[in-house]
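The values are calculated or read from the model by the stated rules, or taken from the named source; none is laboratory data. In this text, all values refer to a predicted model and were calculated from it rather than measured experimentally. Positions of Cβ are generated from backbone atoms using ideal geometry, with glycine treated the same way; all protein chains shown enter the neighbour counts.
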Amino acid sequence: MKRQSKAFDVDALWALDRIGEPSLSPDGAQAAAGVTRYSMEANRAQSSLWLFSTLGGEPRRLTEAGEKDGNPQWSPRGDLIAFTAKREQAGVRDEETQLYVIPPDGGEARRVGQVPTGVESFKWFPDGRRIAFVSWVWPDLKGAAQAARLRDFKSRKESAYVTDEAFYRFWDHHLPMDRVPHLHVMDVETGKVRDLFEGTAWELSRAEPDVNCFDVSPDGRRIAFAFDPTAEKKLDGRFALAEIDVRTRQGQTLLQDGDWDFAAPRYSHGGAHLAFLASHQALGHNHPNQLAVLDQQGRWAVFSEDWDHEVSAPLRWAEDDQAVYFAAEERGRRHLWQFALGDRTADRVFEGGHVGSFALSAGFLVVNHDGMQFPPRLSVLGDDGLRRIESLNDERLAAQSFGRHEEVTIQGARGDDVQMWLTYPPGFDPKKKWPVMHVIHGGPHTAFGDSWHWRWNHQVFASQGYVVACVNYHGSSSFGHEFLDSITGHWGEYELQDVEAGTDWLLKKSWVDRKRVVAAGGSYGGYMVAWMNGHVKAGRYQAYVCHAGCYDWQAMYADDAYSWHRKELGAAYWDDPARVAAQSPHAFAKHFKTPTLVMHGQLDYRVPDAQGLAYYNTLKSLGVPSRLVWFPDENHWVLKPRNSRLWYGEFFNWLARYTA
């Protein structure tokens, strides 16, 4: 007897395992990845490391669930797996994230050294004896003085954050006060650490420096890295490339051009070439990252300039150094590509859905991929096609019912073709009438596609009985640079035409209940529903949900990305206040009439919570039905299980008032 499937809800969503980026053993036989599991009851996460066989063996857990066990990386010798974690060992509790190693056959993990300022992103040296890692330090101090300064800082009685920096907070956290990210080298056997940048002006990106910021040469003698050459660091700075000698700590600039932004350096296997991302910022702030290569004579070239796609990190060289692998979007999907440097052509190696990450080793290719019908999973791509190497979520997913999805094309602004994704409720019957929910993506320079979303999950929405519509409006990524850049200087105009074209298309369908159409969006999507409230005739949409939405572009200068506003809006508010106001929802408040649920987190620095509060207060002042959900402990997203369950509950209850 077949078990009855259940509607996919928020509890089922949070019960799923979340699989991280894979790392392959040197022989390609096993992949290591972090797996995070959430407890709704405990309201927290635990993570552990797992090993997955690419040859057909059963997966096995390598570490017990702990606090932030993650980012596993196989050593080049295959004898150890390094990872970062916060643990207690030998009676010492980690106050900051530290580096641990564990043999792949199991046993106890060993802490490698003790870094007072913590270990963030790291990479193995080719000899398997050392690791390069990032740590935030006081640039005027050396060695043991870092620990003393950290103790003094933590014991201070004052709470103020004091700075004269232009870039001082990012997304949901302040940058460590008076500290900068330096590259370090750690000996895995002894735990001895050297700060490669000590006593110099070198530093990595302050915007969450990760493993794509630097790379170790095949001979282990050099490290290439991206850095901001200007004295005042900004979020939108144009980066250069440099290289440092590991033994002498002597650094040199490899490539610097004020018109360009360079990132994600990657040595070829032979060590003679450096692949990297290059964006011609002088041609426009939205110019895409392209694949470029630098040789040892200082000559460089952009190889993908005639390919209208944005290349993303990480970059991986093919074994013969004649091609580079990377992920890139195309029409709402994210594929894995192999770009041949000889004839400058790109071929899809793996078609998404959505490729979240991948790993290459000894001829094995493992991808972490997802789609609208399933969360991230691990598969190996071989001569016989794609083969799953784990099934952690399969049993739980089999107990749920999912709706089908499809891609349609509508005619939007300027008469252009515009993509719209539809996700139907489970058991959809076209002979019945169904409510429609527009879900409007943020960015604006991102895209909704055939992908799984942990926060705005289309299957959870559809399981409530809605047909979910996602329009990739003008300004969205993955449809070419001109389409993405077309909204610059007049935000709201084309995007609204596209969403409205999607609604017109839907209203012609016999299965749509025109009296039950709603719209919801987060971040820039929140901006769009606030914009719609001031520009769309009342009654066309029965209700809106605005999560972390931009409301007033002048007040938005309180955010962490304020340096981009004048580029995107076409002017600074002090130079052309009328032009900025013309793109700001608050300037059209007198037209607000549609009931709106406003949701925001206090720790949101990308769209400060005052934006949501101002919108809500305005709606209340105008007598528009409205409700506020404000989280004191959430950021731009809602990341705690219990808060997420409340968020979905408020979301659906609000819409039910107007679609019942």
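Give region 508-533 a look and list any residue that's small (Gly, Ala, Ser), more than 24 Å from the chain's Cα centre (by Cα) and either surrounded by fewer than 24 Cβ atoms within 10 Å (Cβ to Cβ) or at pLDDT below 95 (or both), or say none. Answer for region 508-533, where residues must be small (Gly, Ala, Ser), more than 24 Å from the chain's Cα centre (by Cα) and either surrounded by fewer than 24 Cβ atoms within 10 Å (Cβ to Cβ) or at pLDDT below 95 (or both): just Ser510.
From Val529, Val499, Val518, grab the single residue that is in contact with a Leu (Cβ under 7 Å, 6 or more places away or on another chain), in contact (Cβ under 8 Å) with a residue 40 or more places away in the chain and closer than 18 Å to Tyr466 by Cβ.
Working: Val529 fails: in contact with a Leu (Cβ under 7 Å, 6 or more places away or on another chain); Val499 fails: in contact with a Leu (Cβ under 7 Å, 6 or more places away or on another chain).
Every option except Val518 fails the conditions.
It is to be established whether one or more residues within region 35-46 are crowded, with 18+ Cβ neighbours inside 10 Å, farther than 21 Å from Arg130 by Cβ and in contact (Cβ under 8 Å) with a residue 12 or more places away in the chain. Steps first, answer last, please.
To start, the set of residues in region 35-46 that are crowded, with 18+ Cβ neighbours inside 10 Å comprises 35, 38.
When the remaining residues are screened for being farther than 21 Å from Arg130 by Cβ, the result is 35, 38.
Add one more test, that the residue is in contact (Cβ under 8 Å) with a residue 12 or more places away in the chain, and what stays is 35, 38.
Looking through region 35-46, at least one residue is crowded, with 18+ Cβ neighbours inside 10 Å, farther than 21 Å from Arg130 by Cβ and in contact (Cβ under 8 Å) with a residue 12 or more places away in the chain.
Yes or no: region 471-480 includes at least one residue that is under 21 Å from the mean Cα position of the chain (by Cα), over 25 Å from Arg606 (Cα atoms) and among the small types (Gly, Ala, Ser). Taking every residue of region 471-480 in turn, at least one turns out to be under 21 Å from the mean Cα position of the chain (by Cα), over 25 Å from Arg606 (Cα atoms) and among the small types (Gly, Ala, Ser). One residue stands out in region 199-222 among those that are touching a Lys or Arg at 6+ places or on another chain (Cβ under 9 Å) and touching a residue at least 60 places away in the same chain (Cβ under 8 Å): the one that is farthest from Leu294 (Cα to Cα), namely Glu203.
Given the structure, is Glu482 part of a helix (DSSP H, G or I) and under 20 Å from Glu330 (Cα atoms)?
Details: part of a helix (DSSP H, G or I): yes; under 20 Å from Glu330 (Cα atoms): yes.
It is true that Glu482 is part of a helix (DSSP H, G or I) and under 20 Å from Glu330 (Cα atoms).
Taking region 427-443 as the range and being assigned to a loop (DSSP other than H, G, I, E, B) and under 18 Å from Lys509 (Cα atoms) as the test, the residues that pass are Gly427, Phe428, Asp429, Pro430, Lys431, Lys432, Lys433. Screening Gly489, Gly443, Gly465, Gly480 for residues that are in contact (Cβ under 8 Å) with a residue 24 or more places away in the chain, of a type in the set (Gly, Ala, Ser) and closer than 27 Å to Lys515 by Cα leaves exactly one candidate, Gly465.
When the criteria are applied in full, Tyr648 fails the requirement of being touching a Cys at 6+ places or on another chain (Cβ under 7 Å), assigned to a helix (DSSP H, G or I), surrounded by 15 or more Cβ atoms within 10 Å (Cβ to Cβ) and in contact (Cβ under 8 Å) with a residue 40 or more places away in the chain.
Can you tell me which of Gly128, Gly143, Gly113 is at pLDDT 95 or above, at positive phi and in a loop (DSSP other than H, G, I, E, B)? Break it down stepwise before answering.
On the way: Gly143 fails: at pLDDT 95 or above; Gly113 fails: at pLDDT 95 or above.
Gly128 is the lone residue from the list that is at pLDDT 95 or above, at positive phi and in a loop (DSSP other than H, G, I, E, B).
Taking the residues in region 325-352 that are more than 19 Å from Leu291 (Cα to Cα) and buried (at least 21 other Cβ atoms within 10 Å of the Cβ) as candidates, determine which candidate is modelled with the highest pLDDT. Write out each step before concluding.
From region 325-352, those more than 19 Å from Leu291 (Cα to Cα) are 331-333, 351-352; that's our starting set.
Imposing the further condition that a residue be buried (at least 21 other Cβ atoms within 10 Å of the Cβ) reduces the set to 332, 352.
Numbers: Gly332: 97, Gly352: 92.
Ranking the qualifying residues of region 325-352, first place goes to Gly332.
Considering region 399-415, the residues that are part of a helix (DSSP H, G or I) and in contact (Cβ under 8 Å) with a residue 24 or more places away in the chain include one that is surrounded by the most Cβ atoms within 10 Å (Cβ to Cβ), namely Ala413.
Name the single residue, out of those in region 223-232 being in a loop (DSSP other than H, G, I, E, B) and either touching a residue at least 60 places away in the same chain (Cβ under 8 Å) or not charged (D, E, K, R) (or both), that is surrounded by the fewest Cβ atoms within 10 Å (Cβ to Cβ). Steps first, answer last, please.
Just the residues of region 223-232 that are in a loop (DSSP other than H, G, I, E, B), to begin with: 228-232.
Among the residues that remain, those that are also either touching a residue at least 60 places away in the same chain (Cβ under 8 Å) or not charged (D, E, K, R) (or both) are: 229-232.
On the way: Pro229: 13, Thr230: 13, Ala231: 6, Glu232: 10.
Among those residues, the one meeting the criterion is Ala231.
Restricting to region 258-293, what's the tally of residues that are acidic (Asp, Glu) and surrounded by 15 or more Cβ atoms within 10 Å (Cβ to Cβ)?
Of the residues in that region, 1 qualify.
Conditions tested, residue by residue: (1) among the hydrophobic types (A, V, I, L, M, F, W, C); (2) in contact with a Pro (Cβ under 7 Å, 6 or more places away or on another chain); (3) within 26 Å of Pro641 (Cβ to Cβ).
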residue: Ser401; (1), (2), (3): no, yes, yes
residue: Asp417; (1), (2), (3): no, no, no
residue: Pro430; (1), (2), (3): no, no, no
residue: Lys433; (1), (2), (3): no, no, no
residue: Ser451; (1), (2), (3): no, no, yes
residue: Trp454; (1), (2), (3): yes, no, yes
residue: Gln459; (1), (2), (3): no, no, yes
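Put simply, of Asp259, Asp295, Asp219 the only residue that is more than 20 Å from the chain's Cα centre (by Cα), among the charged types (D, E, K, R) and under 22 Å from Phe133 (Cα atoms) is Asp219. Quick check: anything in region 251-261 touching a Ser or Thr at 6+ places or on another chain (Cβ under 8 Å) and in a loop (DSSP other than H, G, I, E, B)? No, because not a single residue in region 251-261 is touching a Ser or Thr at 6+ places or on another chain (Cβ under 8 Å) and in a loop (DSSP other than H, G, I, E, B). Is at least one residue of region 294-306 under 26 Å from His565 (Cβ atoms) and surrounded by fewer than 20 Cβ atoms within 10 Å (Cβ to Cβ)? No, there is no match, as no residue in region 294-306 is under 26 Å from His565 (Cβ atoms) and surrounded by fewer than 20 Cβ atoms within 10 Å (Cβ to Cβ). Exactly one residue among Val119, Val134 is part of a loop (DSSP other than H, G, I, E, B) and either modelled with pLDDT of 95 or more or more than 19 Å from Pro72 (Cβ to Cβ) (or both), and that residue is Val119. Within region 533-585, the set of residues being under 29 Å from Thr659 (Cα atoms), among the β-branched types (Val, Ile, Thr) and outside any strand (DSSP E or B) comprises just one member, Val536.
When you check Gln373 against the structure, is it modelled with pLDDT of 95 or more, surrounded by fewer than 20 Cβ atoms within 10 Å (Cβ to Cβ) and either of a type in the set (Gly, Ala, Ser) or under 16 Å from Gly449 (Cβ atoms) (or both), yes or no? Explain how you work it out, then say what you get.
Working: modelled with pLDDT of 95 or more: yes; surrounded by fewer than 20 Cβ atoms within 10 Å (Cβ to Cβ): yes; either of a type in the set (Gly, Ala, Ser) or under 16 Å from Gly449 (Cβ atoms) (or both): yes.
In short, yes.
Of the residues making up region 615-645, those that are assigned to a helix (DSSP H, G or I) and crowded, with 20+ Cβ neighbours inside 10 Å are Tyr615, Tyr616, Thr618, Leu619, Pro641, Ser644. State all residues of region 591-607 that are buried (at least 22 other Cβ atoms within 10 Å of the Cβ) and farther than 19 Å from Trp654 by Cα; if no residue qualifies, say none. Asp604, Val607 - these are the residues of region 591-607 that are buried (at least 22 other Cβ atoms within 10 Å of the Cβ) and farther than 19 Å from Trp654 by Cα.
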